[in-house]
Amino acid sequence: MKIVLNLLKLLIFILALYILTQNSGQSVAIKLLGYQNPSVPLLVVLIITLTVGAVLGAVFMAFSLIQTQSELRNLRNKNKQLMNELENLRNISIDEIPDEGLAAEPPTLEPPSEEQSLKDDR
């Protein structure tokens, strides 16, 4: 698959060179933000434009890659923390588990007896 991809890249490069050489005799006037140049070869303009586009694309891709790697690092750390917590819970002995949570029957509330209610009234 890499061979096919590299051959495709080579074919696109050769096609771009062919188009650039066909337009090498043409000149264009550039007026950009106060900068004026009456005669610049089209070949130079195309090469500069493609280079600036490639550099800007690489910079934006680098920012995206850094953000993705940072998020991946945070998720790996959280995963490691959760795995450690799970391992600690697996290794806990039965004696260490509190009895409060293991009650078979929930406690029932009984109404107070008459004796207790008489004592409370005094």
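The values are calculated or read from the model by the stated rules, or taken from the named source; none is laboratory data. As the structure is a computational prediction, the values presented were derived from the model and not from experiment. Don't worry about glycine lacking a Cβ; one is built from the backbone with ideal geometry, like all the others, and counts go over all protein chains shown.
Some observations on this one:
- Single residue of Leu65, Leu86, Leu118, Leu82 found to be aliphatic (A, V, I, L, M), modelled with pLDDT under 85 and assigned to a helix (DSSP H, G or I): Leu118
- Among residues of the range 22-49 being touching a residue at least 12 places away in the same chain (Cβ under 8 Å) and part of a helix (DSSP H, G or I), the one that is surrounded by the fewest Cβ atoms within 10 Å (Cβ to Cβ) is Ile47.
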